[in-house]
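The values are calculated or read from the model by the stated rules, or taken from the named source; none is laboratory data. Every value quoted in this text rests on a predicted model; they were computed, and no experiment measured them. Neighbour counts are summed over all protein chains in view; Cβ atoms, including those assigned to glycine, are modelled from backbone coordinates with ideal geometry.
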Amino acid sequence: MLNFTRSAVVVLAGILAVEVTAEPLKFDGSWNEQGFLRLWSNEYSLGGNQLGVTSDGTVSLLYRPVPKSAWNSTMASWGWSVAQSVAVTDLTRKGGDDRNLAIYFVFMDQGDAEVLAGKSARRVLKNASTRALVYVWGGDYPRGKVLRSPYGPGKLKTVIGRAAGKGAFSEKVDLAADYKRAFDTSLGVLVGVGISADSDDTGGKISATVKDLKVF
């Protein structure tokens, strides 16, 4: 007969609750590509649990709104892999910051979320209360380091996930803790998620995948 302490039961219940409430963000028709100025677009292959990304001297953002049931998410997890990588770049320099992958978690105030729910990435990112954590595979920085993004100063913060190079990894991040470190305040509601690859500055090529993206 199994004999659990009260504390063990509480921990187990918490684990089970996280598993039950995790919200998979499928790679389906919910995603829309957002280009940047006149730059050529990346190639994205939507495959349900997995997204294929090819960037050949190109850059763009693939974005989807988050269901209202997941607005209060404070954690996220995903797998990502890179088979062909761009070179190491300075991620703080606008126009010279190629990166293999960037995953955006976009937050805003509750009131603004009610008005802008389901709107385009361009519309959401222009909103005054919008802030985004951008987890990046690129550059050559310590894992977890927070950088000021050269785009949308004060609104976007880069969090280093992996240094430039090839490989495959699974990630689990604490959005609430990282948001506090990046912006020194509590996060708003999670309204959208974006994925980007950027190879236009170095003329490199990226072949990558993202899979099993979840928020909870």
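Structure data summary
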{"quantity": "Which listed residue is free of Cβ contacts under 8 Å to residues at least 60 places away in the same chain and of a type in the set (S, T, N, Q), from 170, 196, 186, 207", "calculated": "186"}
{"quantity": "Test: residue in segment 119-129 that is under 15 Å from the mean Cα position of the chain (by Cα) and under 24 Å from residue 88 (Cα atoms)", "calculated": "no"}
{"quantity": "For residue 115: the one exception among (1) loosely packed, with under 14 Cβ neighbours inside 10 Å; (2) touching a strand residue (DSSP E or B) at 6+ places or on another chain (Cβ under 9 Å)", "calculated": "(2)"}
{"quantity": "Among residues of segment 163-172, those that are at negative phi and part of a loop (DSSP other than H, G, I, E, B), counted", "calculated": "3"}
{"quantity": "Filtered residue count, segment 189-206, keeping only those that are crowded, with 18+ Cβ neighbours inside 10 Å and assigned to a strand (DSSP E or B)", "calculated": "11"}
{"quantity": "Counted residues, segment 192-203 - those being more than 12 Å from the chain's Cα centre (by Cα) and at pLDDT 95 or above", "calculated": "2"}
{"quantity": "Which numbered condition residue 51 fails, given (1) part of a loop (DSSP other than H, G, I, E, B); (2) under 16 Å from the mean Cα position of the chain (by Cα); (3) over 24 Å from residue 180 (Cα atoms)", "calculated": "(1)"}
{"quantity": "Some residue of segment 98-118 being touching an Asp or Glu at 6+ places or on another chain (Cβ under 8 Å) and in a loop (DSSP other than H, G, I, E, B)", "calculated": "yes"}
{"quantity": "Members of segment 173-183 found to be under 13 Å from the mean Cα position of the chain (by Cα), in contact (Cβ under 8 Å) with a residue 60 or more places away in the chain and either surrounded by 15 or more Cβ atoms within 10 Å (Cβ to Cβ) or in a helix (DSSP H, G or I) (or both), listed by number", "calculated": "173, 175, 179"}
{"quantity": "Residue within segment 98-111 that is surrounded by 14 or more Cβ atoms within 10 Å (Cβ to Cβ) and over 23 Å from residue 181 (Cα atoms) present", "calculated": "yes"}
{"quantity": "Sole residue being at pLDDT 95 or above and either more than 21 Å from residue 146 (Cβ to Cβ) or of a type in the set (Lys, Arg) (or both), chosen from 41, 7, 73, 55", "calculated": "55"}
{"quantity": "Test: residue 121 is modelled with pLDDT under 95 and touching a Leu at 6+ places or on another chain (Cβ under 8 Å)", "calculated": "yes"}
{"quantity": "Selected residue [among the charged types (D, E, K, R) and either in contact with an Asp or Glu (Cβ under 8 Å, 6 or more places away or on another chain) or surrounded by 20 or more Cβ atoms within 10 Å (Cβ to Cβ) (or both)] from 148, 131", "calculated": "131"}
